[in-house]
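The values are calculated or read from the model by the stated rules, or taken from the named source; none is laboratory data. All values derive from a computational prediction rather than experimental measurement. Every residue, glycine as well, gets a Cβ built from its backbone with ideal geometry; the counts of neighbours run over all protein chains shown.
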Amino acid sequence: MTDPLLFALAVLAILATPGPTNTLLATAGAGLGMRRALPLIPAEAGGYLIAITTIGLALGPVVAASPALGMALRVAVSLYLFHVAWKLWRGASRPLADGAVITPARIFMTTLLNPKAIIFALGVVPFESPLWPAYMGAFAALVAGVALGWISVGVAMGRAAQAAGRASLVPRLGAAAVSAFAVMMLGTPFLR
């Protein structure tokens, strides 16, 4: 996808779709607020850049040639997402504002394992172009913008939940959403 406008539109459409990283960003916005959630953005960008580059330049052909390896990766990612969901659920009884549940390291790892990276690496980022590093730079800028949007949604949700006296509801909803993504990741190959 070498057309810059189509590239940007495809990246924005995929990034804006709810997923595990976006769920964590929104949950962090609800619990930490905008200012304290901002350090999560470079963690997300770093996770995506490493995953996309690694898949696009090295792992894509290997995974495509080995369905068993692809399934093993799905299981590993799903187990990690269940772990993140469990941490969110258990942490719902204490304030998310302490920052112990949603950390830059957790955002980085969740993004590194995010299935969207496969889509970007194999279908969106034009690794065949000599300008692919510039596309990756544009990608990082788009990640930051979309992440700000998800954190803002979370801030609004957090304020509403706090006003209703239901602050623990936000991390529990986040845990349920992350668990749903883990289940979908495991179940998708069996639906074909």
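Structure values in brief
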quantity: Unique match (being surrounded by fewer than 15 Cβ atoms within 10 Å (Cβ to Cβ), at pLDDT 75 or above, out of contact with any strand residue (DSSP E or B) (no Cβ under 7 Å at 6 or more places or on another chain) and in a helix (DSSP H, G or I)) among A121, A141, A177, A117; calculated: A141
quantity: Looking only at segment 100-110, and only at residues there that are touching a Pro at 6+ places or on another chain (Cβ under 8 Å) and assigned to a helix (DSSP H, G or I), the one that is nearest to I41 (Cα to Cα); calculated: P104
quantity: Failed criterion for A164 (all others in (1) of a type outside the set (S, T, N, Q); (2) surrounded by fewer than 18 Cβ atoms within 10 Å (Cβ to Cβ); (3) within 15 Å of I41 (Cα to Cα) hold); calculated: (3)
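Condition check ((1) among the aliphatic types (A, V, I, L, M); (2) more than 18 Å from the chain's Cα centre (by Cα); (3) closer than 16 Å to M185 by Cα) across all residues:
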position: A13; (1), (2), (3): yes, no, no
position: G33; (1), (2), (3): no, yes, no
position: P39; (1), (2), (3): no, no, no
position: E44; (1), (2), (3): no, no, no
position: A58; (1), (2), (3): yes, yes, no
position: W86; (1), (2), (3): no, no, no
